[in-house]
Each structure stands twice: as C-alpha cells, then as structure tokens.
1. In the stretch 126-146, what residues are open to solvent by less than 50 Å² (accessible area, probe 1.4 Å), at pLDDT 90 or above and either of a type in the set (D, E, K, R) or closer than 16 Å to residue 33 by Cα (or both)?
2. Would you confirm whether or not the stretch 208-229 contains a residue that is farther than 21 Å from residue 81 by Cβ and of a type in the set (Lys, Arg)?
3. Restricting attention to the stretch 260-304, and to residues there that are of a type in the set (Lys, Arg), modelled with pLDDT of 90 or more and not in a helix (DSSP H, G or I), which single residue is nearest to residue 350 (Cα to Cα)?
4. With the condition being among the aliphatic types (A, V, I, L, M) and either modelled with pLDDT under 75 or crowded, with 22+ Cβ neighbours inside 10 Å (or both), I'd like the strands (runs of 3 or more DSSP E) fully within the stretch 392-481 carrying at least 3 qualifying residues.
5. Filter the stretch 265-308 down to residues that are surrounded by 23 or more Cβ atoms within 10 Å (Cβ to Cβ) and among the aromatic types (Phe, Trp, Tyr) and give me whichever is nearest to residue 378 (Cα to Cα).
6. Six or more apart or on different chains, Cβ atoms under 8 Å: show the pairs whose first residue is in the stretch 478-501 and without any contact (Cβ under 8 Å) to a residue 12 or more places away in the chain and over 20 Å from residue 534 (Cα atoms) and whose second is surrounded by fewer than 20 Cβ atoms within 10 Å (Cβ to Cβ) and among the aliphatic types (A, V, I, L, M).
7. Mind checking which residues of the stretch 1-50 are free of Cβ contacts under 8 Å to residues at least 24 places away in the same chain and over 25 Å from the mean Cα position of the chain (by Cα)?
Amino acid sequence: MKLFESLLAAKTSTLRTFENDASVVRSWNEVIARGHRMATGLRRRGLGQRRVPCVLTNGSDVLSGMLGIWLAGGTIASLPVPARAMDIGEYADQQAAICDRLGTATLMMERPLIGALQEALGDRVELLAWDELEADRPCEPEFPGEEEPAFIQFSSGSTGFPKGCVLTTAAVGTQLQMIANTCRLRGPEEVAVSWLPLSHDMGTFGAMLSSWAFDMNLILSSPARFVRDPRTWFEDCARFGAGLTTGPPAALRAALRAQATRPLPGPLQLRVCVLGAEQIPWSLLLEAREAYAPFGLRPEVWMPAYGMAEATLMVTAVDADERPSAVHLDSAALAEGQIGEAREGAEGTATIVSLGRGQGGARARASSAEGLSEIKVSSPSLASGYFGNHELSAERFRDGEFASGDRGFIRDGCLYLVGREDDMLSVAGRNVFVGEIEAAIDIFDGVRSGCSTLIDIGRNSRSSLVMLLELKHDDIDYKQVATAASKTAKAKAGILIDECVFLPKGSLPKTPSGKVQRFRCRHLLASEEFEPVQRVRLRRVVR
C-alpha cells in the first residue's frame, strides 16, 4: 500500500484520546487537516526535509505532528520515553546523545513533558511543543520517497543504548498492509483499542497507524492511564465495542489480576487480541481464556505473534480464528540446546507457545535444523539498518536477513521461541533460559505482575544468581517467597539461586512496554544503587 496516500485519504471514522483525564473525540479528517498546518510550522522553523527527533506520547497533537513531519519532507526519529526507574538526569543525557547522533538540536514533545526535562538538558537541546508548530495555512506536501527513510525507531534500550532502526516509506506501508491482512481489518465498521505508547513499535504501527491508514475508529488510551488502573484496557474494549486490541503478556497478566476485583461493564466483541513483545506463558493464555469466557471471548481471539523494530513490527503470527497451541518440552534438554518431548504438567517441563507462521511474505528461519538455534528473519518490511552504526548493521543485517539473537526452533512451519539473547544466563557451563523461571515466579501470591527477574553477578566461577523481586505488600514473609523461588528455579532449570533481593515498588528498571532491563539491573545491583527492602541469602554468595 502507498503509505501517505492512505493516511491522507478522506476518512469517516474517529479518534478518541484521553487527555488531562478527559475523553476527547476528533475525526481523522481533523487530525489530517491539522497535520497540514503543522507542516507549514516545521518549514518556517527550518525543520522541513530534516530528521526530526520526537518523543511520541499518546495525544492527538502528536499524531498531527507526525503527519506534519512527513508532509514537510522530513523523517520521524522516535526517541524513547523515560524507562521505569530512570532518573531525569540519566534520561536527559540519553536524549541529548541521540539528538547529537541525528545531527539536530531540536526535540519535539508534548508541552507537559518539557519543564523538568529542559532544566536537566540545559542548552544542549531545544525542546519544542507540538502545538507551537500550528500555522494559519497548509503547505504543499513533499513526502519522503518510497525508498527513503520515513521513520527511525529508536529502541527503548532493553539490552543497552537505544539503537535506531531505519525504516523506509515502503517498509512502513508494507507492514501496515501485512497487519491489515493478518488481522483482517474491517475499516470504519470496526473499533480498535490501544493504550500502548506510540514510542513503541506495537503502539505506532500495530495500533495507531494501521487504524488511521485503514479508516478504523481508534480508542487511544495511554500507558499512564493503564498503569493507574489496568482494568481500563478491557473495560474500554467492552464499552466501545472493540474488535481489535494488542498488548504484551505482562500487561495482560496485570489486567487479569485487576479485573478480578471488578466485572467488565458489558460483553466483549473482540475478534483479535495480538500478544507480543515478549515470551508468552501458556499458563497466562489458559487463565485469560477462563477469565474472559463469561464475557463472550472465544479462545481463537488470542493471537500470539513475534516481531521486532528491525522488521518494522510483525514477522509471524497465529492465523486469525486459529486457537493458540503449545508444545511441552524437557527443561533439562532445552538447557543443553536439545528439543525433547515431555508430559504437560510434569516437573521439569517447559511449555512453549507457538508464535505462528510468517505473515505477508515475512519469514522466521532457524539457523540450524537441529536443536535450538538463532532465529533469522526476512521480511519485505525489514529495516535498512541501524542509524549511524554501520558496523552493527553489517553484523546483524546480512543477505536480506536479520540475525535476531533470539533462540528457538521451527516445527510444522511455526515458530517456537525459547528465549531472547538477554534471557540466557551461563550457569556452571550450561546455557539457561530464565524466562520460564520468571514466568512461574511472577504468578506467586504477593509478587507484583512482571516484577521479577533473575540476573547473574560476577563472572565464571565467582558468579552468583540473584532474583530481584517487587512485592505487593510489606507484610509478606520474605523467607517463604525466597524459598519458593529457589525451589521453582531448581524444578524448572536445575539451578540454584544464591540470593533474593526484595525491592520497593517501581524500582526494577523497565522499558515503556514492560520489559525488564536486565543490563541495568546488573549495573544497579553491582554498584549498590538499589535500596532493598529485604535480602534473603539462600546460599553463600560469592562476590
């Protein structure tokens, strides 16, 4: 599909946003008209045909501003929003460094974010509010070409300094068409609901731009509103009759726990709920089926998917109207890189959810036919590399494929992901994927959803395994939780945890989409920057 033609075409549907705790409805045509006027403002400020760094939050100003950048011939450079537990000084340094790489000293964002950040940035970067761009008239459009960069998606930094994936106009348009075909979008008759940050690829391409391009009604909530009350996700779906929504598994678990205290306001009409961004526990899918079945949700609604910013977004997905499935494997064999069958529910069994087949010409390939191996991705919406990092681009993008660093296998044409590169720890010479351990501990009573992670501190024979946890309440028996976590790690992967460190709420560093930043956890623990509520040593810890 032609990206800009689809965005500018006359619409009949609407956009609803939640700004200053108020629900605001605008037509997509209003969003488009304002984008034309913002393009004029960008050119007057000398920002036309430039890379324009932005912090994409979930307001209608941002959507019009994004279109304005493209209308002015520019490239959107989407910078991360502050990660959880990141202080304002660290965030300011990160933003300044990215702007310096992009060769510009102007950063666009919504007005409420400017105050504190400007003080931390000093005169390194000029902050400009979107509403300052609006001019009195539109300008003549001058879009980026089909093979020119239209979007630079900077990662939220789950494994290190943010990398900027360069996406051409054609790549973005192709991905939106892939999403439309996979999810069978229905245009103006359908409603989509999303709270995901627009700074994340799932929020921008998977929800906002696909709704805009295919003239769907979009209920655009925000991460802040979701965090305040996770029930709002599926309450919005019920209240507005949504057919489509998307989110990460950790958010689904938070919504399930919160929803248990208050029923939905009505039945759900969802056709598709795409789940991605991290490994999907089979137990979570079973729990979600049971919890939402009384509200009319069919098991086929859940659509596990696999994707990444380097492919714009989606690579594989379970087919629409197909029930999710899983395989049951021996955890000990997986630790050795082998695939051995096991009995569901038996001790030492890892249950791996199918992430479906390649969609729209995209393909996930296991680099080896035997055992676990790195997953390589090819796609018509593949990024053209990392901005300003030719060495890493040459290493990861080769012969039309992207080396993902994820480990898994292909069975009957479907992808099974066992662990991401940062989820693999070396323990006594064995490679251990800790996702299964963390998922099991995450459902303990008293543990905050998505707030447990296992890290290794030190090197080789002097390393130790430390479980970091956030608890819901202070009156929980720390020793009991630590002992249960230790037994779980032993049963799931045959490893022993040295220490459990219990942290105050909000301490674990996370990306905006909810991924724990394991590399920052290591740094914060090693440098003693965490302020634990309690520490429980399970074995003698060698530092």
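1. The answer is 130, 133, 135.
2. The answer is no, given that none of the residues of the stretch 208-229 is farther than 21 Å from residue 81 by Cβ and of a type in the set (Lys, Arg).
3. Within the stretch 260-304, the match that is nearest to residue 350 (Cα to Cα) is 298.
4. Numbers: elements: 401-411, 414-419, 424-427, 430-433, 447-457, 464-471.
Here the list reads 414-419, 424-427, 464-471.
5. Here the answer is 306.
6. 490/496
7. Step one: of the stretch 1-50, the residues free of Cβ contacts under 8 Å to residues at least 24 places away in the same chain are 5, 10, 20-23, 25, 27, 29-30, 46.
Selection gives 5, 10, 22, 25, 27, 29, 30, 46.
Condition check ((1) at pLDDT 90 or above; (2) assigned to a strand (DSSP E or B)) across all residues:
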site	(1), (2)
10	yes, no
42	yes, no
77	yes, yes
86	no, no
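The values are calculated or read from the model by the stated rules, or taken from the named source; none is laboratory data. Owing to the predicted nature of the structure, the values given are computational and were not obtained by experimental measurement. Cβ sites come from the backbone with ideal geometry, for glycine too, and all protein chains shown count toward neighbours. In case anyone asks, the SASA skips ligands and DNA or RNA and just uses the protein heavy atoms, side chains included. Shrake-Rupley method; radii C 1.70, N 1.55, O 1.52, S 1.80 Å.
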